[in-house]
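Structure record follows, encoded as structure tokens.
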Amino acid sequence: MLQKVFYVCVRIAVLFLLGLNVRRRDLLPARGPAIIVANHNSHLDTMVLMALMPLSRLKDVKPVAAADYFFSSPWKAWLSDHVLGIIPVERGRKDKHSDPLQGCYDALDAGQVLILFPEGSRGEPETMTELKKGVSHLAERFPDAPVVPVFTHGLGKALPRGSFLLVPFFCDIFVGKPVTWTGDRSQFMNELKDRFQALASEKTFAPWE
């Protein structure tokens, strides 16, 4: 219930404070197992992607995020767990025998939709960094789960890194056709990278200032 109320508020904020243009929204998976992967410039990324999903399915949509940030204090942990529904991933874990993606495996096995950011952390606005291979391990284990790339533009300016003040700004969301596991990790990652580059080049934007 808290999650639905929160994302209703997010939808209202997006509607009235941000101009949001979503291309091919119909390609977003309504049901799982499925994986949504997006570039990462702002904390708005997760909230906007969640707000695009049907409210009736929110309980089955799980963002994936770093445990050391989102679960670093009791209030962050409560918000991340009960409101955002985040699956925590340990970075630099001490227990080398545990799999940091186990929570993701469990979610996909339960037929849920994951939202994750293969760059690993928020980068400079509109500049993608090297994709980490964690998503390929998920795709290998669940080869029938579509991996849907999403490129966002403008969210890094609407809520810049280090800021807590939402700035009205026109934002674009480009949803691409899903990438499927081919049996080769390098080929999969190269295809995903190419798909992101194609989405990023769909529209000509003014230089970022």
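The values are calculated or read from the model by the stated rules, or taken from the named source; none is laboratory data. A quick note: this is a predicted structure, and the numbers were derived from the prediction, not measured. Because the Cβ atoms are built from the backbone with ideal geometry, glycine has one as well, and the counts that use them run over all protein chains shown. Please note that ligands, DNA and RNA were not included when accessible areas were found on the heavy atoms of the full protein model with its side chains. Shrake-Rupley method; radii C 1.70, N 1.55, O 1.52, S 1.80 Å.
Within segment 13-30, no residue that is among the aromatic types (Phe, Trp, Tyr) sits with its Cβ atom under 7 Å from a residue that is crowded, with 16+ Cβ neighbours inside 10 Å and at pLDDT 80 or above at 6+ positions apart or across chains. Against the test of being basic (Lys, Arg) and buried (at least 21 other Cβ atoms within 10 Å of the Cβ), the options Lys76, Lys62 yield a single qualifying residue, Lys62. Within segment 30-48, the set of residues being of a type in the set (A, V, I, L, M) and open to solvent by 20 Å² or more (accessible area, probe 1.4 Å) comprises Ala30, Met47.
Among the residues of segment 120-138, which ones are at pLDDT 70 or above and among the acidic types (Asp, Glu)? Listed by number, the list holds a single entry, Glu130. Against the list (1) open to solvent by 20 Å² or more (accessible area, probe 1.4 Å); (2) at pLDDT 85 or above, the condition Phe169 fails is (2). Evaluate segment 108-119: report whether one residue or more is at pLDDT 95 or above and part of a helix (DSSP H, G or I). Yes, segment 108-119 contains at least one residue that is at pLDDT 95 or above and part of a helix (DSSP H, G or I). Does segment 49-56 contain any residue that is surrounded by fewer than 16 Cβ atoms within 10 Å (Cβ to Cβ) and without any contact (Cβ under 8 Å) to a residue 24 or more places away in the chain? Yes, segment 49-56 has at least one match.
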